[in-house]
Amino acid sequence: MDQNKKKNLLETFDAKLNRVMRMYLDTCSRCGMCVEACHVYASMPEIKNTAVFRAEVIRKLFKRYFKTQGKIWRSLGDSTTFSDNIVDNIYDAAYSCTGCRRCTVYCPFGIDTQMIMSIAKLLLIEADREPKVLTMLADMSIQKGKADEATRENFATAVSKLETEVIEKWRKTGGEEVVPLDVQDANVLYVALAGKHSIIPAAAIMNAAGEKWSLSYYEAVNFGAFVGNPQKTKEISQRIIDEAIRLKVKEVSICECGTAYRVMRHQMGELPFKVVSFVETIARYLKHGRIKLDKSKISGRLTYHDPCQLARNGGVIEDARYIISHLTDEFVEMTPNREYNWCCGGGGGLVAIGEKEFRMKSAKVKAEQVKATETKILSTACENCHTQLTDLVGFYELGMDVKFLSSLIADALVQ
């Protein structure tokens with residue numbers, strides 16, 4: 001590796017070293033509490049699949065270049081230098097971690113492995129070694145934020161074709177739009193994913209609640225966050241922020257996408273509107289009596305997977321259970337659950353990259369957890385989780401139906 005490249009990598013590393021990050025890199029006592037917390041290690045018990053091993057890849061570079069011992073007595077410390085082989089190790093560490101933070105829950109010092117992996121991902125971008133598909137998808141999202149009027153018209157035309165399917169779930173009365181766009185002073189700006197599965201159930205639910213709402217022109221998913229590029233993450237989020245400000249909405253409700261919710265809710269700073277997940281929106285409608293559900297619509301036992309970014313990292317835990325209590329009397333909790341729930345194995349960009357063989361093998365413990373519930377329906381509230389769980393059900397022949405929580409709610413609305 002040439003010296004100029006090393007210099008750029010060091011500058012990138014140094015830029016991430018605030019007080020909190022230094023604490024994470026300095027504090028590890030090698031207690032091993034995080035080892036069995038990782039779903040990858042629990043499924044494939046090799047030391048390279050532990051949180052502490054991944055963090056050590058970055059920690060050894062930190063010791064070499066940013067600690068006195070590493071700078072002066074390199075041979076005495078457990079440190080390493082930048083090289084092409086080390087960059088390979090950084091890639092393996094960063095993209096075998098889903099960023100689920102389950103290890104953080106068990107760490108006695110609260111060391112945040114996902115934060116340490118954010119250094120890894122930035123180093124990969126600087127070394128031009130990040131997964132190009134993630135960068136491409138992030139750039140496409142940014143470009144969509146610069147869409148011209150013709151593109152907006154095409155989107156509006158496509159959305160209008162969904163009206164019949166929305167009305168099948170909820171009969172809209174009056175002359176109002178079934179899927180409204182560009183509604184000034186709306187109570188809710190709903191940000192969906194690219195696909196009618198993310199729009200139709202939500203539209204039916206909000207129409208049933210009599211909500212004054214508007215559908216965003218932009219998709220919720222943030223590939224900038226998956227690839228670990230803070231600038232792209234901000235630009236992708238800014239499209240939605242600008243739209244919400246333009247429409248003067250009171251609230252932005254993010255669809256069933258854990259990362260999209262956490263980025264907008266917890267990483268974009270103070271905003272002139274409230275940010276909630278759509279799970280919270282549904283729970284509010286139920287609590288205020290704005291929608292009612294028919295429990296007879298659900299046939300068979302149901303379990304729920306807590307998405308890591310929505311639950312453990314976003315704090316949206318009990319609202320899902322409140323909703324399910326109105327949906328069925330045959331709910332079965334996974335064990336463990338809530339903030340201790342096993343990651344599905346599809347986060348951190350792994351679904352978008354592909355990596356299906358690794359995703360299936362590394363999530364064996366999740367498949368076993370799901371199987372133990374002996375349920376018919378496996379519900380969740382995250383797109384990545386839904387894709388990963390669907391793949392797991394097929395790979396391990398679990399014989400379950402994987403459903404979005406919003407879809408189950410829309411199908412159970414009392415007319």
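The values are calculated or read from the model by the stated rules, or taken from the named source; none is laboratory data. Quick caveat, the model's predicted, so the values are computed rather than measured. Backbone-built Cβ (ideal geometry, glycine too); neighbour counts: all protein chains shown. Ligands, DNA and RNA are stripped out before the accessible areas are found, and what is left, the full protein with its side chains, is counted by its heavy atoms. Shrake-Rupley method; radii C 1.70, N 1.55, O 1.52, S 1.80 Å.
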Original post:
How big is the gap, in Å, between the Cα center of segment 17-32 and the Cα center of segment 138-212?
Top reply: 45
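Quick check: residue separation of E318 and I167 times 0.36 nm, minus the Cα distance between them. What number comes out in nm?
Values: separation 151, 0.36 × 151 = 54.36 nm, distance 2.98 nm.
Length gained between E318 and I167: 51.4 nm.
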Original post:
Of the residues R19, R246, R171, which exhibits the maximal mean-square fluctuation in a Gaussian network model of the chain defined by a 10 Å Cα contact cut-off?
Top reply: R19
**OP:** Could you calculate, for segment 358-415, the ratio of the Cα radius of gyration to the Kirkwood radius, expressed as Rg to Rh?
**Re:** 1.03
**OP:** Excluding residues fewer than 8 places away in the same chain, name every one of the lysines whose C-alpha is closer than 19 Å to that of K371.
**Re:** K361, K403
Original post:
Using 7 Å Cα-to-Cβ label points, what is the E339/E177 separation (nm, one decimal)?
Top reply: 4.1
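Report the full-extension gain for the segment L17 to D401: residue separation times 0.36 nm, less the Cα-Cα distance, to one decimal in nm. Don't skip to the answer; put the middle values down first.
Details: separation 384, 0.36 × 384 = 138.24 nm, distance 4.48 nm.
Result: 133.8 nm gained on full extension.
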Original post:
Rounded if a/c is under 1.5, else prolate if a/b beats b/c, else oblate: with a ≥ b ≥ c from the C-alpha gyration tensor eigenvalues square-rooted, which is segment 219-366?
Top reply: oblate
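Measure up K7/K232; K5/K67; K248/K287; K121/K161; K60/K232; K146/K248 against 30 Å on the Cα-Cα distance and list the ones that go over. Before the final figure, lay out the partial values.
On the way: K7/K232 23 Å; K5/K67 21 Å; K248/K287 26 Å; K121/K161 40 Å; K60/K232 28 Å; K146/K248 20 Å.
Over 30 Å apart, Cα to Cα: K121/K161.
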Subject >> Förster radius 41 Å - calculated FRET efficiency between D294 and K132 (Cβ-Cβ, nearest 0.05) >> reply: 0.30
**OP:** For segment 278-336, list log₁₀ I(q)/I(0) at each q in 0.20, 0.25, 0.27 Å⁻¹, using the Debye formula over Cα point scatterers of equal strength and ignoring solvent, two decimals each.
**Re:** -0.81, -1.10, -1.18
**OP:** State the extension gain, in nm to one decimal, for the chain segment bounded by V332 and K274, taking 0.36 nm per residue of separation less the distance between their alpha-carbons.
**Re:** 17.7 nm
Original post:
Taking K295 as the anchor, which aspartates and glutamates have their alpha carbon closer than 16 Å to its alpha carbon, excluding any fewer than eight residues away along the same chain?
Top reply: D329, E330, D411
Subject >> Volume per residue that the Cα convex hull of the chain spans, once the total is divided by residue count, Å³ >> reply: 142
Subject >> GNM top mover of I47, I111, I377 - the chain, alpha-carbon springs below 10 Å >> reply: I47
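Among bridges DSSP assigns within the chain, what percent are antiparallel (round to 5)? The partial results should precede the final answer.
Numbers: 1 of 22 bridges.
Just about 5 percent of them are antiparallel.
For the chain, give the percent of accessible area contributed by carbon and sulfur heavy atoms, probe 1.4 Å, rounded to a whole number. Spell out each step's value before the answer.
Details: 8960 of 18040 Å².
Carbon and sulfur atoms account for 50 percent of the accessible area of the chain.
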**OP:** Find the accessible area per residue for segment 142-294; the probe is 1.4 Å, ligands and nucleic acids are left out, and the unit is Å².
**Re:** 43
Original post:
To two decimal places, what compactness ratio does segment 322-372 give when its Cα radius of gyration is scaled by 2.2 N^0.38 Å?
Top reply: 1.39
